[in-house]
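The values are calculated or read from the model by the stated rules, or taken from the named source; none is laboratory data. The model shown is predicted, which means the values in this text are computed figures rather than measured ones. Cβ atoms come from the backbone with ideal geometry, glycine included; neighbour counts cover every protein chain shown.
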Amino acid sequence: MSTLNQQYEEKVRPCIDLIDSLRSLGVEKDLALPAIAVIGDQSSGKSSVLEALSGVALPRGSGIVTRCPLELKMKRKKEGEEWTGRISYQGHEEEIEDPTTVDKKIEEAQNEMAGVGVGISDELISLAIASPEVPDLTLIDLPGIARVAVKGQPEDIGDQIKRLIQKFITKQETISLVVVPCNVDIATTEALKMAQQVDPEGERTLGILTKPDLVDKGTEENVLEIVHNEVIHLNKGYMIVRCRGQKEITEKVSLTEALEKEEMFFKDHPYFHTLYSEGHATVPKLAEKLTLELVNHIERSLPRLEEQIEDKLAQTQAELDRYGNGPPSDMAERLIFLIDEVTAFTQDAINLTSGEELNCGENLNVFSTLRREFGKWNAHLDRSGQNFNRKIEKEVEVYEDKYRGRELPGFINYKTFEVMVKEQIKQLEEPAVKKLKDIAGDVTV
């Protein structure tokens, strides 16, 4: 596989490692990180492209095979060094010793996160591969866009996938890598439409044409026009690749052999040989372009990312300052700390009840607050008392006429008086409770 020059390779790895480390720390939950997201319709050849770049087999089959976002981190090692792999998801991390088991490990992770079947999840699976045969590159593979739900899939599976893809490609920090087969009308592909919706100028969209061996005779010129950016313009342009088809996979054609066949295909093709000579064709050329695009994108994004991190740090520090200092770790110091806190709280309570000003908050002068509130309550009682007096006078008159027995004039039966007082107290209960809540809210420290 052709490589970048040594000087540039030394520049590439630190940039990619920086973003990978930030993503592994969970920074992406708060800040958008530079990334390349791979999108395409179902059966667009997306998995084949990623297999050719990474050198390992990925889950295959009919329907949706990528059911979770897959972060594919590739690191180039020196010639002669052994292949290493590691998969991590939801706190689980596992070393992969055999590259032929990668697809099974991914399937296990997807079943764990999205359930066994055809559901999807927006939780990230991270697959790290280090080998002399891979480029220095990190990609995020997203589920292929389904147009119609098949057996076992939710009716809205297409909308679910689109929402997941939108979550990634809407970010200005994401380059959209759109995979489109050569044997379909590029203008009708859902993946390219989605990319155009969030990036109408094509500033951060790169097209990849696949399956050039399936192009109908007489349409080769159309493919040349697309790759030369004459049909749907994208600032980052187009690349074209030929990966293993199902027949070659069945015949167990290795990825290395497939790369050799790809090179011969483009070199000998009567139309596409010009694309090869121009550097627009083959997986190795695609790997070089993607690495260059990602590193340049990271370098352009770093100043803004640094500014966002500083802003977030300042916000977090301000929140911590509001909490004050926590208890010390030393047991003896903890006792002193506790005594000081209790003493300070007690003094604040004393100051509040004596009407003294405090620096710990506003409107905390309890006496003045209570004086205002109880003044209002006293006025309410006066009004209520006047009404009660009038009611008593009427009740006494009725009693005198109907129920007076041996009592002296002006004296009514105690039980009758008790009933009238209880009715008055009951009428005062609701406003009294409300007033208590108001006062409690005003004086709570």
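Once the stretch 430-445 is narrowed to residues that are modelled with pLDDT under 75 and of a type in the set (A, V, I, L, M), the residue that is nearest to LYS391 (Cα to Cα) is ILE439. Comparison of THR219, THR256, THR250 shows that the only residue that is at pLDDT below 90, at negative phi, of a type in the set (S, T, N, Q) and more than 38 Å from the chain's Cα centre (by Cα) is THR250. Only one entry of LEU259, LEU224 meets the criterion of being assigned by TED's automatic domain parsing to the domain that holds ASN183, closer than 20 Å to LEU192 by Cα and not β-branched (Val, Ile, Thr), and that entry is LEU224. Residue check: ASN111 meets all listed conditions (1) free of Cβ contacts under 8 Å to residues at least 24 places away in the same chain; (2) part of a strand (DSSP E or B) but one, namely (2). I'd like to check something: does the stretch 131-152 contain any residue that is hydroxyl-bearing (Ser, Thr, Tyr), in contact with a Gly (Cβ under 8 Å, 6 or more places away or on another chain) and not in a helix (DSSP H, G or I)? Within the stretch 131-152 (the criterion being hydroxyl-bearing (Ser, Thr, Tyr), in contact with a Gly (Cβ under 8 Å, 6 or more places away or on another chain) and not in a helix (DSSP H, G or I)), the answer is yes, since at least one residue qualifies. The residues of the stretch 200-215 that are among the basic types (Lys, Arg) and within 26 Å of LYS171 (Cα to Cα) amount to a single one, ARG204. When GLN427 is tested against the conditions (1) modelled with pLDDT of 75 or more; (2) under 30 Å from GLU341 (Cβ atoms), the lone failure is (2). Considering (1) surrounded by 23 or more Cβ atoms within 10 Å (Cβ to Cβ); (2) in a loop (DSSP other than H, G, I, E, B), the lone condition that SER176 does not fulfil carries the number (2).
Return a yes/no flag: does the stretch 55-73 have any residue that is at pLDDT 85 or above, among the polar types (S, T, N, Q) and more than 26 Å from the chain's Cα centre (by Cα). No.
The set of residues in the stretch 236-291 that are closer than 22 Å to THR219 by Cβ, assigned to a helix (DSSP H, G or I) and touching a Ser or Thr at 6+ places or on another chain (Cβ under 8 Å) comprises GLU262, PHE266, TYR276. Tell me, please, whether a residue that is among the polar types (S, T, N, Q), assigned by TED's automatic domain parsing to the domain that holds ILE120 and at pLDDT below 85 can be found in the stretch 20-31. Checking the stretch 20-31: at least one residue is among the polar types (S, T, N, Q), assigned by TED's automatic domain parsing to the domain that holds ILE120 and at pLDDT below 85. Filtered by the rule that a residue be of a type in the set (A, V, I, L, M, F, W, C), in a strand (DSSP E or B) and farther than 9 Å from LEU234 by Cβ, the stretch 193-219 gives ILE208, LEU209. Against the conditions (1) over 18 Å from the mean Cα position of the chain (by Cα); (2) among the charged types (D, E, K, R); (3) not in a loop (DSSP other than H, G, I, E, B), LYS167 satisfies every one except (1). Quick check: is even one residue across the stretch 83-94 of a type in the set (D, E, K, R) and free of Cβ contacts under 8 Å to residues at least 40 places away in the same chain? Looking through the stretch 83-94, at least one residue is of a type in the set (D, E, K, R) and free of Cβ contacts under 8 Å to residues at least 40 places away in the same chain.
Taken together, ILE129, ILE157 contain a single residue that is aliphatic (A, V, I, L, M), over 14 Å from the mean Cα position of the chain (by Cα), buried (at least 18 other Cβ atoms within 10 Å of the Cβ) and modelled with pLDDT under 90, which is ILE157.
Considering only residues that are of a type outside the set (Gly, Ala, Ser), under 27 Å from ILE169 (Cβ atoms) and touching a Ser or Thr at 6+ places or on another chain (Cβ under 9 Å), which ones fall in the stretch 77-118? Within the stretch 77-118, ARG86, ILE87, TYR89, VAL102, ILE106, GLN110, MET113 meet the criteria. With respect to PRO284, is the statement that it is loosely packed, with under 14 Cβ neighbours inside 10 Å and either in contact with a His (Cβ under 6 Å, 6 or more places away or on another chain) or on the phi < 0 side of the Ramachandran plot (or both) true? For PRO284, the condition - loosely packed, with under 14 Cβ neighbours inside 10 Å and either in contact with a His (Cβ under 6 Å, 6 or more places away or on another chain) or on the phi < 0 side of the Ramachandran plot (or both) - is not met.
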